[in-house]
1. If you take the residues of the range 306-321 that are open to solvent by 70 Å² or more (accessible area, probe 1.4 Å) and more than 9 Å from ligand 1 (Cβ to nearest atom), which of them is nearest to residue 223 (Cα to Cα)?
2. Mind checking whether some residue in the range 138-150 is touching a Pro at 6+ places or on another chain (Cβ under 8 Å), open to solvent by less than 10 Å² (accessible area, probe 1.4 Å), away from ligand 2 (no atom under 16 Å from the Cβ) and in contact (Cβ under 8 Å) with a residue 12 or more places away in the chain?
3. If residue 256 passes every condition in (1) modelled with pLDDT under 95; (2) over 19 Å from the mean Cα position of the chain (by Cα); (3) open to solvent by 70 Å² or more (accessible area, probe 1.4 Å) but one, which one does it miss?
4. If we keep just the residues of the range 109-141 that are in a loop (DSSP other than H, G, I, E, B) and touching a Lys or Arg at 6+ places or on another chain (Cβ under 6 Å), which is nearest to residue 96 (Cα to Cα)?
5. Sort out which residues of the range 38-49 are under 18 Å from residue 278 (Cβ atoms) and more than 12 Å from the chain's Cα centre (by Cα), and write them in order of number.
6. Given 184, 178, which one is more than 16 Å from ligand 1 (Cβ to nearest atom), within 22 Å of residue 6 (Cα to Cα) and under 16 Å from the mean Cα position of the chain (by Cα)?
7. Taking only the range 265-298 into account, find how many residues are more than 28 Å from the chain's Cα centre (by Cα) and either closer than 22 Å to residue 51 by Cβ or within 14 Å of ligand 1 (Cβ to nearest atom) (or both).
8. Residues in the range 65-84: is at least one charged (D, E, K, R), open to solvent by 30 Å² or more (accessible area, probe 1.4 Å), in contact (Cβ under 8 Å) with a residue 40 or more places away in the chain and within 16 Å of ligand 2 (Cβ to nearest atom)?
Amino acid sequence: MDNLLEVKGLKKYFPIKGGFFGKTVNNLKAVNDISFSIKRGETLGIAGESGCGKSTAGRAILRLHEPTAGKIYFEDQEITALDKESLRKKRREMQFIYQDPYSSLNPRMTVGDIIGEPFEVYESMSSKDKMDKVKELLNMVGLSPYHVRRYPHEFSGGQRQRIGIARAIALKPKFIVADEAVSALDVSIQAQVINLFEELQEKLGLTYMFISHDLSVVKHISDRIGVMYLGKIVELADSEELFSHPLHPYTIALLSAVPIANPRRLKDRVILQGDVPSPVNPPSGCVFHTRCSFCMDICKNIVPEFRDAGGGHHLACHLVK
Ligand code: SF4
Ligand code: MG
């Protein structure tokens, strides 16, 4: 499989203004130097607690947030070098699905207009052709063509997320960033929507970056998983491998916090000490060193390199040679 997307040294800092003249006094380092690639047709899950920078990373990749530094390549074309107009054209191939189906759909637009809007923006099409397309899309996401004239409030949360998905796939994109796309839904509905994501991937050859704080969701859908902590990817491996052989102390702690069926395994639980430090002043050296029970002197001063520890299992930790 070749790479659809390549991210090199991506940073996204949000300036913090202060003083009399509103000068930038510091930066919130939401994404702090991450590099990875996504293969064509695969699903890369991005996991981590809230505030770790995963949503910002997803947005920065599509330049919904302008990156502070780093390069992004989509099919070998440098996205970070595109001017506004070329980026607008490129966007039809790269879509974003939002966390909250309740607020991401315009309540005053009919479902037909919501799903049909991308055609207005990108293609000149007769209204009959547009309606035919919309009905076809409704079918694809498991809704009825009769729903075109209804409004978002008439639908359940799961159905609204289906509407959001129909809109995102309208222009046949190649890549979708889904940010907590099922987190607001009931568990039973989550499974149905995840199945829809998988079905559409198969049918349309889609590539996903699937962001979620919920490890069981990420595990279900992802081929590979990257774990983020304080703006960094600390570990990235095949989904099965990450769950069976986690290597980074943070991943081990995160996985041990997932509810488990066998209570005897409770003794293996590693409890995370203390709070996540502020992304305004992240710790020196390894960002996890203030909470890591394996912390050594080197961890406090030297940033561990994010590297392949074998077989594509990447991590940033001084402990694993
Ligand atoms: Fe812990 Fe050091 Fe590894 Fe960081 S580099 S996770 S502090 S052992
Ligand atoms: Mg988020």
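1. Of the range 306-321, the ones open to solvent by 70 Å² or more (accessible area, probe 1.4 Å) are 308, 311, 319, 321.
Filter once more, keeping what is more than 9 Å from ligand 1 (Cβ to nearest atom): 308, 311, 321.
Working: 308: 17, 311: 14, 321: 25 Å.
Looking at residues that are open to solvent by 70 Å² or more (accessible area, probe 1.4 Å) and more than 9 Å from ligand 1 (Cβ to nearest atom), I get 311.
2. Taking the range 138-150 and keeping what is touching a Pro at 6+ places or on another chain (Cβ under 8 Å), we get 138-139.
Now restrict to residues that are open to solvent by less than 10 Å² (accessible area, probe 1.4 Å): 138.
Then keep just the ones that are away from ligand 2 (no atom under 16 Å from the Cβ); that gives 138.
From the residues that got through so far, the ones that are in contact (Cβ under 8 Å) with a residue 12 or more places away in the chain too are 138.
Within the range 138-150 (the criterion being touching a Pro at 6+ places or on another chain (Cβ under 8 Å), open to solvent by less than 10 Å² (accessible area, probe 1.4 Å), away from ligand 2 (no atom under 16 Å from the Cβ) and in contact (Cβ under 8 Å) with a residue 12 or more places away in the chain), the answer is yes, since at least one residue qualifies.
3. Evaluating residue 256 over (1) modelled with pLDDT under 95; (2) over 19 Å from the mean Cα position of the chain (by Cα); (3) open to solvent by 70 Å² or more (accessible area, probe 1.4 Å) leaves (3) as the failure.
4. Of all residues in the range 109-141, those in a loop (DSSP other than H, G, I, E, B) come to 109-110, 123-126, 141.
Cutting the leftovers down to touching a Lys or Arg at 6+ places or on another chain (Cβ under 6 Å) gives us 110, 141.
On the way: 110: 20, 141: 16 Å.
Looking at the filtered set, the residue picked out is 141.
5. Here is the first cut: in the range 38-49, the residues under 18 Å from residue 278 (Cβ atoms) are 48-49.
Within the range 38-49, just 49 meets the criteria.
6. Values: 184 fails: within 22 Å of residue 6 (Cα to Cα).
From the options 184, 178, the qualifying one is 178.
7. Restricting attention to the range 265-298, the residues satisfying the condition of being more than 28 Å from the chain's Cα centre (by Cα) are 265-268, 293-298.
Narrowing the set further to residues that are either closer than 22 Å to residue 51 by Cβ or within 14 Å of ligand 1 (Cβ to nearest atom) (or both) leaves 293-298.
So the count comes out to 6.
8. no
The values are calculated or read from the model by the stated rules, or taken from the named source; none is laboratory data. Here the structure is a predicted model, which means the values were calculated and not measured. Glycine gets a Cβ as well: all are built from the backbone with ideal geometry, and neighbour counts include every protein chain shown. Side chains included, ligands, DNA and RNA excluded: accessible areas come from the protein's heavy atoms. Shrake-Rupley method; radii C 1.70, N 1.55, O 1.52, S 1.80 Å.
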